[in-house]
Structures are given as C-alpha cells and as structure tokens.
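Asker: This structure is in structure tokens; I'll ask about it shortly.
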Amino acid sequence: MAIIEVRDVRKVYPLGKVEVQAVKGVTFAIEKGDFISIAGPSGSGKSTILNMIGLIDLPTSGEVLIDGRATSGLSDKELTRFRHEVLGFIFQSFNLIPVLNVWENIEFPLLLGKTTVGAAEKKEWIDWLIEEVGLTEWRTHKPNELSGGQRQRVAIARALVTKPQIVLADEPTANLDSTTGEQIIGLMKKINRELDTTFIFSTHDAKIVDVADHIIRLRDGQVVENRRRGEDSASAGAQE
Ligand SMILES: Nc1ncnc2c1ncn2[C@@H]1O[C@H](COP(=O)(O)OP(=O)(O)OP(=O)(O)O)[C@@H](O)[C@H]1O
Ligand SMILES: [Mg+2]
C-alpha cells in the first residue's frame, strides 16, 4: 500500500480579485521507502504540493492520504499529531535555533511532543544521529559556527529525531554550493537505505533529480512526468 496518495488535488490561492491555480488536479502515489524528487521550474507548484503532503496547507479540492488515511477530515489536533509523529521537515534555510547548540537543536522536536523515551535512550539516539550525519566533533557548537552544509546536516538529524516515516524537504540544497548539495542528497539517500525512511524532496537542479529513485516532474501545476529510475517515462497526460 502506498504511504502517500495524492488524489486529484487542486490548490487555488485568492490573489486580490483573481485566483492563482497553483496546483491543477494532481494525482500520484508514493511507496514506503521511496526516495523521491519533485522536480520542476520555479512556480510549477513544488512547494504547494509539499506543503499539502506535510499538512501545512490544505487542498482546495481532492484528497491527500497518508498511510491509507484521508487527511481532509482530521481535526487541528489530529493534524498536529500527524505532523509530529509521522512527518519530519527539512527546510531550504535550515531553520535552526541560534541559541541552541547542535545537540540541543536535534533534541528540540522531542521536547514539543509527548516523549516517552528515557533519558539514556534519548541520549544514545541523538548521539547516533550526530555520528550518522558526521557532526560528532561539532556537537556543542552553535549554528552560526557551522557552514551551510553542516547546518543542513543538523537539520537532517533534527528531522529524523522523532523517527518519522516520511521526511519532506523543500529545496534542501538551494542554499548550498553544488558539491555540498550533492553530499547532502547523498546523506539523505544513505539514511533512506539504512532506516527505510521515505524522503520527498523538491529541487530544480537536474543533477540532484538524477539521484532520486522516483521522479515526479511538474509544470504549471500539473504532473508532466512520473517515473521510477530505470523505467521509461510514463507521461501523465500533459504534452511535452
Ligand atoms: N500564498 C500564495 N498566494 C498566492 N499565490 C501563491 C501562494 N503560494 C504560491 N502561489 C503561486 O502558486 C504557484 C506555485 O507556487 P509554488 O511556490 O508552489 O512553486 P514552486 O514550484 O515551489 O516554485 P519555486 O521553485 O520558485 O520555489 C505560483 O504561481 C505562485 O505564485
Ligand atoms: Mg518552492
């Protein structure tokens, strides 16, 4: 069963007296453990779709199912619980807390929810994540003492700390040089293999798109390509 299903989703933003059709009836499914790139030019609807999958924004019509459950009928409380327990987020601008060090930034999401893990177990898990992203020597440093690539590594560990099934990353490499960006995607891919976490990231960098196992390409709010690596392009309706 697909871990995420997007069914005929539309998103219309009111903009003064006119409306912007940001997403125009998009349908696709994502399997558990997938490593997916949402590709497409600026304005094609990548962030809008990620925000709807992340339950940050609601579709105007259509349905997003997570783990087989329709999300449109969920209460605010249930949406918050879903976001906290099932989803992890990585942002283009890292969004770390400046006054907290690396270790504390990674711990932070655990302080927001009802954490039932013991202190020793928690420490072991955070230490493991820091090792995993290669920042053991930087564990007591603050974000402003880190490079962009190191900050994004902290953000990756932080997204994983609650053991989410799905990690969403909107242009996680946009503020990095291309070599560092490739390393960050490589790290996400390694974690995807090791923990079987589903990763969905948006990008308009063709080189980074190539690393994905599953590519969903958007243009003008519609899916123009939906294929797994190694498969022929299964064009979804729209003409190339
Ligand atoms: N809050 C909003 N209000 C009005 N229009 C919006 C809003 N957010 C997005 N849009 C419009 O929806 C369309 C899709 O935007 P979106 O941000 O999803 O694109 P994107 O593919 O993420 O682009 P980029 O690569 O530049 O980040 C654009 O035409 C954009 O102007
Ligand atoms: Mg965007």
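FYI, it's all coordinate maths here, none of it is from the lab. Bear in mind the structure is a predicted one, so any value in this text is a computation, not a measurement. In this analysis, Cβ positions are derived from the backbone assuming ideal geometry, glycine residues included, and neighbour counts consider all displayed protein chains.
Asker: Based on the Kirkwood radius over alpha-carbon pairs, what is the Stokes-Einstein translational diffusion coefficient of the range 1-129 at 4 °C with 1.567 mPa s viscosity, in µm²/s?
Answerer: 76
Asker: For TYR13 and HIS204 in the same chain, what is the full-extension length gain: residue separation times 0.36 nm, less their Cα-Cα distance, in nm?
Answerer: 66.5 nm
Asker: Give me the net charge of GLY134's neighbourhood, meaning all other residues with Cβ under 12 Å from the Cβ of GLY134; Lys, Arg count +1, Asp, Glu -1.
Answerer: That works out to 0.
Asker: Which entries in the list LYS163/LYS207; LYS163/LYS190; LYS122/LYS207 go over 26 Å, if you measure between the two C-alpha atoms of each?
Answerer: Check vs 26 Å cut-off fails for LYS163/LYS207; LYS122/LYS207.
Asker: Under unit Cβ charges (Lys, Arg +1; Asp, Glu -1), what dipole magnitude, rounded to 20 debye, does the range 45-147 have relative to its Cα centre?
Answerer: So the magnitude is around 300 debye.
Asker: What is the calculated FRET efficiency for SER178 to ALA119, with r their C-beta to C-beta distance and R₀ = 45 Å, to the nearest 0.05?
Answerer: 0.65
Asker: Report the one residue of GLY186, LEU111, LEU176 whose Cα lies farthest in the direction of the positive end of the charge dipole of the chain (charges on C-beta: Lys and Arg +1, Asp and Glu -1; origin at the Cα centre).
Answerer: Of the listed residues, the answer is LEU111.
Asker: Next question. If I fit a long axis through the Cα atoms of helix 102-112 and take the longest principal axis of the Cα atoms of the chain, what angle between them do I get, 0 to 90°, rounded to 10?
Answerer: 60
Asker: Here is a further query. Show me, for the range 46-53, the HN-Hα J-couplings you get by feeding each phi into the Karplus relation (A = 6.51, B = -1.76, C = 1.60, θ = phi - 60°), rounded to Hz, glycine and proline as x.
Answerer: 4, 5, 4, 5, 4, 5, 6, 5
Asker: When the chain is fully extended, how far beyond the present Cα-Cα distance does GLU104 get from GLU194, taking 0.36 nm per residue of separation?
Answerer: This chain segment gains 30.0 nm when fully extended.
Asker: Same structure, new question: Quickly work out the LYS163-to-ARG69 label distance, labels modelled 7 Å from Cα along the C-beta direction, and quote it in nm with one decimal.
Answerer: 1.7
Asker: Which part of the range 1-34 falls in the paramagnetic zone of ARG229, meaning amide N under 17 Å from the point 7 Å along Cα-to-beta-carbon?
Answerer: Flagged as within label range: 31-34.
Asker: Would you pull out the residues with amide H under 5 Å of VAL224's amide H, same chain only if 5 or more places away, H placed 1.01 Å from N?
Answerer: ARG217, LEU218, ARG219
Asker: Would you work out the charge dipole size for the chain about its Cα centre, treating the Cβ of every Lys and Arg as +1 and the Cβ of every Asp and Glu as -1, and quote it to the nearest 20 debye?
Answerer: The dipole magnitude comes to about 440 debye.
Asker: Another question, then. Could you check what % of the DSSP bridge pairs in the chain are antiparallel, to the nearest 5?
Answerer: 55
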